[in-house]
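The block underneath contains the structure these notes are about, expressed in structure tokens.
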Amino acid sequence: MSRPRVDSAGSLGPDDEVMPYSDDETDDELAVISEVGLRFVKETIFEGCLFVSSEMAWKVKASDRPYHQLPEFQKKVFLCIKKSRYSGNAIKTYKYNVLTFIPLNLYEQFKRVANLYFLALLILQIIPDITTLPWYTTLIPLVVVLGITAIKDLVDDLARHRMDKEINNRKTEVLLDGRFQESKWRNLQVGDVVRLKKNDFIPADILLLSSSNPNSLCYVETAELDGETNLKFKFGLRVTDEKLQEERQLAWYLFDGKNQDASRRGFLTFWGYIIVLNTMVPISLYVSVEVIRLGQSKFINWDLQMYFSEKDTPAKARTTTLNEQLGQIEYIFSDKTGTLTQNIMEFKKCTISGRNYGKQLLWNREADRKFQFMDHSLVAVVRSRKDKDASEFFKLLSLCHTVMVEHNDDGALVYQAASPDEGALVTAARNFGYVFLSRTQDTITIREMEQEATYEMLALLDFNSDRKRMSIILRFPDGRIRLYCKGADTVIYERLSPNSRHKEATQTALDVFANETLRTLCLCYKDISRDEYEAWSRIHKEAQVAKRDRDAALDRAYEQIEGNLLLIGATAIEDKLQDGVPETIAKLAKADIKIWVLTGDKKETAENIGFACSLLTDDMQIHYGEDVNEKLTIRQATRRNAPSTFLRSKKKHPEPFFTESGKNALVITGGVAGEFHSRPTAVLNCPLLRLQIDFVDMACECEAVICCRVTPKQKANVVSLVKKYKKAVTLSIGDGANDVNMIKTADIGVGISGQEGMQAVMSSDYAFAQFRYLQRLLLVHGRWSYIRMCKFLRFFFFKNFAFTLVHFWFSFFSGYSAQVAYEDWFITLYNLFYSSLPVLLVGLLDQDVNDKLSLKFPKLYLPGQQGSLFNYRNFFISLFHGIFVSLVIFFIPYGAFLQTMGQDGEAPSDYQSFAVVTASSLTFTVNLQISLDTSYWTFVNCFAVLGSIALYFGIMFDIHSAGIHVIFPSYFTFTGVASNALRQPYLWLTIILTVGISLLPVICIQFLHKTIWPSVGDKVQRHRKKYEMEMAQEEKKKPSAFQRGQRSRRSAYAFSHSRGYADLISSGRSIRRRPTARAGPQDSIREFPQREAENI
């Protein structure tokens, strides 16, 4: 090689500070080996496939497994047990095995505070001096909870075992016994030579020895590692490549007989009541919440209306802890390219020499049949070859790029580009007869209208986010030297020659294209004399070898040659909106959710997309960065000049920034947004904190905010500002690696599986394929999850307050002895079987209105944002409701038992009969109460309510039977109580009276609320059938809020692609010519299909 390879040790992770203003990755993707790896290569000797590194003290011998089992490669593990120093290739992601499951799982479960709490209670109950309840009243629920959780963990771990087994059992070809044989991945060992074919997954960390491409060049996709779908270049050492090519070879009682003073008994009683009252917040709450969350996540996964059939991509809830927060979103932060748009570029229009074009062509036999540009007049101009500018236009597109090319199985050309924009432009040239065929280190070959021509590439001036352009210097076959350049209109117009023609006409065309939300690019050229080129070439070479500020030196060199350009024309590329984006944004806006678009695109492009997707409308007053600075300056000056007056008005009501009536929108650039993190601590004598608050207050007054030209770190900073000062639930949605910071910073992250890999999806909490599914995720699943969880928590606390506080009232009549009011087994089974299933089903299945009405009336989403369904007020309402019911359940049976006589002359006013009546009243009350609160009835809900009551009586009669008492006399002490008590009619009347008085106030309050103070949901429910009929009859389409041609807005090239492949191409590291004897049809650059993870 003529120069050392690029050092990438400093580019192992993205640097947000230097991230380009684009929707893609940084410029450092092409670094191919780290500093350590470079030293390894330099100090490694290839001799009979034996690799020795003096620095790392490892020896590897190719295709020699016994060699690596020698004693020198063994290390002591324990005593005399040794194992190989080399790790095996089998992967292990599971946590448990047969021996470690029980101890490790118990250890992980008891790391949770809730489980430790109930374990401590169990220990207290084992102490005879303290206990007021049998130990099993806590042990059984604890064991059930631990068991359920262990089963869940076991199922999850078995899935990991299966996944590991599937990966470890994949097949690859390994050189064994002199021939390539199929071997499982897990059996691969150090030194094995592996042969991989096109589209194969890479089975291990491997050293590339050789490939069938020129000079060991290959392409690797790393989507499963980092989400990158662009191909990475890898190549082997020249010595291994040449050699292998030649050889063709890879439970207390108060009176216990003990003398204890009052203080000691009081101390023990205190701990006894701690145990008795622990059911106020039982352990089953934790499990129930987890079950509900898991169920809600599964409903999202199973929603066919969020399934994208074109890519076979269902919605995926990657977490189970955030579902209810989906019903409380106030701010959405969205990327643009690939999130609102499809990130699929199409060449739509162009302007050449001041004339605009755009209609269909079908004359070229090598045209891409998917190409949809339409203009017969341009076809005629190109084919006539009379218009020099038209020829130069498409010649520039076919030559000035960093695209790679290969032939597929059918012999058709396939292009691999650094960005969709680049690919669309080269494809356009191909379809007009200027076909890019191949490239080497210093040449580019194209077919110009059926005539093949090869151009010598003298220099390739690559694109970056600061230059906003790229150029190429070519020597034509006739000896002429010409520079071709393409870039953003803002930078090209600054470098045009005064003699350049059609500048005004082209600028007018750019305005027209921008008004149609197209991404534009200007094309120009310049002829260079031999002397001028040679002088500049010396400057360029000095800049290339500069040891300090090399990039800056190169930019200065580029500036010298990229001047006095002659304008040819401009291209216009369409990045189409995804289906349903305007409708989704409109519905979310009606739900009072504010949407901020954070994009790396130019302001004009992003603003036009805002109009196209209905984020911006013509009735909005749009404020730009200058307005922001002016209003913030005025606010700071007002605070400084009249601080006391300002503070008093601030406490009463914040003064708005926008006093005019109507809607407002904010469009700012990344520079303005970044100032609120980079400014000094005082601006206009006001701390930075106050400035940030003012900026957030002003932005949040707007219906829409668009931040343009923001880096990934600035995206995350904007999200953190809103989270910090608004205390609102935020959601970020994006599709690329540059959106990961924003997704992780927000409370909820949503990833779209689009064209930019899977890294955003892997970092997200929820994932789906299209932006339009966001409205269903929030307005349906999010709202339902929030309502269900709030209703579940309110009722769960109520039923346990009503259950536990009966012990408190009973203590006034039991000498404060911590004696319980119920039978021990009722306490044990109350939250497990008697009251759990109905409330659990409400948390899983309840819905006030169906999904269609939820989408039709976005205002139903507002209670979640306001947090009005579960807060301190609702908690205390549940507490007072529980106190009232516990008073009724205890004192009505107590009054009935006070002075009574049974039908047989015996008084059934004993403690055990009292416990049965109170327990029965409580079971009826809580199950009927949840029936009153259920909005959506199914067979399952009905079965759960009736089944819980039936299960209570079935179990009670069983554990009160004589047979079970004979077997376990010390645990089942209520022998015959149920059958004796419940045959007394007046005890049934007592139960009915207790249940009736408990439920009557609730029925009255619910009636008054629904008739006198109905909520939005109550009104929708009341007219549900009417609305459903209206929806069935509605089939009219809504017109787009964006009307083309209304306003003239400039656009520019969005620079969605990262730094190109110019450095790799021009250095010769990626393209070397093979010796002529081995040259063949595979000598061209190959392209490999995208969306295949880690394949070659």
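The values are calculated or read from the model by the stated rules, or taken from the named source; none is laboratory data. Not measured: the values here are computed from a predicted model. Cβ coordinates were reconstructed from backbone atoms using ideal geometry, including for glycine residues, and neighbour counts include every protein chain displayed. Heavy atoms of the whole protein, side chains included, go into the accessibility calculation; ligands, DNA and RNA do not. Shrake-Rupley method; radii C 1.70, N 1.55, O 1.52, S 1.80 Å.
Conditions (1) more than 30 Å from L340 (Cα to Cα); (2) assigned to a helix (DSSP H, G or I); (3) among the aromatic types (F, W, Y), marked per residue:
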{"site": "R783", "(1), (2), (3)": "no, yes, no"}
{"site": "Y786", "(1), (2), (3)": "no, yes, yes"}
{"site": "F795", "(1), (2), (3)": "yes, yes, yes"}
{"site": "N800", "(1), (2), (3)": "yes, yes, no"}
{"site": "F810", "(1), (2), (3)": "yes, yes, yes"}
{"site": "A818", "(1), (2), (3)": "yes, no, no"}
{"site": "I827", "(1), (2), (3)": "yes, yes, no"}
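Conditions tested, residue by residue: (1) among the hydroxyl-bearing types (S, T, Y); (2) open to solvent by 40 Å² or more (accessible area, probe 1.4 Å); (3) at pLDDT 95 or above.
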{"position": "L860", "(1), (2), (3)": "no, no, no"}
{"position": "Q865", "(1), (2), (3)": "no, no, no"}
{"position": "N874", "(1), (2), (3)": "no, no, no"}
{"position": "Y894", "(1), (2), (3)": "yes, yes, no"}
{"position": "P908", "(1), (2), (3)": "no, no, no"}
{"position": "Q912", "(1), (2), (3)": "no, yes, no"}
{"position": "T934", "(1), (2), (3)": "yes, no, no"}
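Filtering the stretch 435-459 to residues that are open to solvent by 10 Å² or more (accessible area, probe 1.4 Å), within 21 Å of L413 (Cβ to Cβ) and in a strand (DSSP E or B) leaves L437, S438, R439, T443, T445, R447, E448, Q451, E452, A453, T454, M457. Here T730 fulfils each of the conditions (1) open to solvent by less than 10 Å² (accessible area, probe 1.4 Å); (2) over 13 Å from T337 (Cβ atoms); (3) out of contact with any Lys or Arg (no Cβ under 6 Å at 6 or more places or on another chain); (4) modelled with pLDDT of 90 or more apart from (3).
May I ask you to verify whether V806 is closer than 26 Å to I959 by Cα and either at pLDDT below 90 or in a helix (DSSP H, G or I) (or both)? Full working, then the answer.
On the way: closer than 26 Å to I959 by Cα: yes; either at pLDDT below 90 or in a helix (DSSP H, G or I) (or both): yes.
Answer is yes for this residue.
Restricting the first member to the stretch 476-501 and to residues that are aromatic (F, W, Y), and the second to residues that are surrounded by 15 or more Cβ atoms within 10 Å (Cβ to Cβ) and assigned to a loop (DSSP other than H, G, I, E, B), the beta-carbon pairs closer than 6 Å and six or more apart or on different chains are Y484/C400.
Taken together, K526, K576, K587 contain a single residue that is in a strand (DSSP E or B) and modelled with pLDDT of 85 or more, which is K526. Check whether at least one residue in the stretch 744-753 is at pLDDT below 85 and closer than 30 Å to A417 by Cα, and report yes or no. For the stretch 744-753, residues at pLDDT below 85 and closer than 30 Å to A417 by Cα: present. Residues in the stretch 216-245 that are within 40 Å of the chain's Cα centre (by Cα), assigned to a helix (DSSP H, G or I) and modelled with pLDDT under 75: A223, E224, L225, D226. The numbered conditions (1) outside any strand (DSSP E or B); (2) at pLDDT 80 or above are all true for F371 except (2).
Within the stretch 98-120, residues that are within 18 Å of R160 (Cβ to Cβ) have Cβ atoms under 8 Å from residues that are open to solvent by 50 Å² or more (accessible area, probe 1.4 Å) in these pairs: F101/L154; L104/K95; N105/L154, counting only partners at least 6 apart in sequence or on another chain. Considering only the stretch 970-1033, give the helices (runs of 4 or more DSSP H) lying wholly within it that have at least 2 residues that are surrounded by 11 or more Cβ atoms within 10 Å (Cβ to Cβ) and among the charged types (D, E, K, R). Filter on the stretch 970-1033 gives 1016-1022, 1024-1033.
Please work out if V719 is among the β-branched types (V, I, T), more than 18 Å from the chain's Cα centre (by Cα) and open to solvent by less than 10 Å² (accessible area, probe 1.4 Å). No: the conditions fail for V719. Does the stretch 311-319 contain any residue that is in contact with a strand residue (DSSP E or B) (Cβ under 8 Å, 6 or more places away or on another chain), under 20 Å from A728 (Cα atoms), hydroxyl-bearing (S, T, Y) and surrounded by 16 or more Cβ atoms within 10 Å (Cβ to Cβ)? No, because not a single residue in the stretch 311-319 is in contact with a strand residue (DSSP E or B) (Cβ under 8 Å, 6 or more places away or on another chain), under 20 Å from A728 (Cα atoms), hydroxyl-bearing (S, T, Y) and surrounded by 16 or more Cβ atoms within 10 Å (Cβ to Cβ). Considering D551, D531, D555, the condition of being farther than 19 Å from D462 by Cα, open to solvent by 10 Å² or more (accessible area, probe 1.4 Å), of a type in the set (D, E) and part of a helix (DSSP H, G or I) is satisfied by D531 alone.
Answer yes if at least one residue in the stretch 833-856 is within 17 Å of I593 (Cβ to Cβ) and in contact with a helix residue (DSSP H, G or I) (Cβ under 6 Å, 6 or more places away or on another chain), and no otherwise. Within the stretch 833-856, one or more residues are within 17 Å of I593 (Cβ to Cβ) and in contact with a helix residue (DSSP H, G or I) (Cβ under 6 Å, 6 or more places away or on another chain). Among the residues of the stretch 580-611, those identified as open to solvent by less than 10 Å² (accessible area, probe 1.4 Å) and of a type in the set (G, A, S) are A591, G600, A606, G610.
I'd like to check something: does the stretch 251-264 contain any residue that is open to solvent by 40 Å² or more (accessible area, probe 1.4 Å) and at pLDDT 75 or above? Within the stretch 251-264, one or more residues are open to solvent by 40 Å² or more (accessible area, probe 1.4 Å) and at pLDDT 75 or above. All conditions but one from (1) at pLDDT 80 or above; (2) crowded, with 19+ Cβ neighbours inside 10 Å apply to I206; the one that does not is (2). Of all residues in the stretch 56-114, those satisfying the criterion of being assigned to a loop (DSSP other than H, G, I, E, B), among the hydrophobic types (A, V, I, L, M, F, W, C) and in contact with a helix residue (DSSP H, G or I) (Cβ under 8 Å, 6 or more places away or on another chain) are M56, A90, I91, F110.
I'm trying to understand the selection: among the residues of the stretch 145-160, which are touching a Ser or Thr at 6+ places or on another chain (Cβ under 9 Å) and surrounded by fewer than 16 Cβ atoms within 10 Å (Cβ to Cβ)?
The initial filter retains those residues of the stretch 145-160 that are touching a Ser or Thr at 6+ places or on another chain (Cβ under 9 Å), namely 145, 160.
Of everything in the stretch 145-160, just one residue is touching a Ser or Thr at 6+ places or on another chain (Cβ under 9 Å) and surrounded by fewer than 16 Cβ atoms within 10 Å (Cβ to Cβ), namely R160.
Across the stretch 472-495, what is the number of residues that are among the hydroxyl-bearing types (S, T, Y) and at pLDDT below 90? Qualifying residue count for the region: 2.
Residues checked against (1) under 30 Å from E346 (Cα atoms); (2) among the hydrophobic types (A, V, I, L, M, F, W, C):
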{"residue": "R482", "(1), (2)": "yes, no"}
{"residue": "I528", "(1), (2)": "no, yes"}
{"residue": "R538", "(1), (2)": "no, no"}
{"residue": "E542", "(1), (2)": "no, no"}
{"residue": "E559", "(1), (2)": "no, no"}
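Among residues of the stretch 287-310 being aliphatic (A, V, I, L, M) and farther than 18 Å from D851 by Cβ, the one that is surrounded by the fewest Cβ atoms within 10 Å (Cβ to Cβ) is L294.
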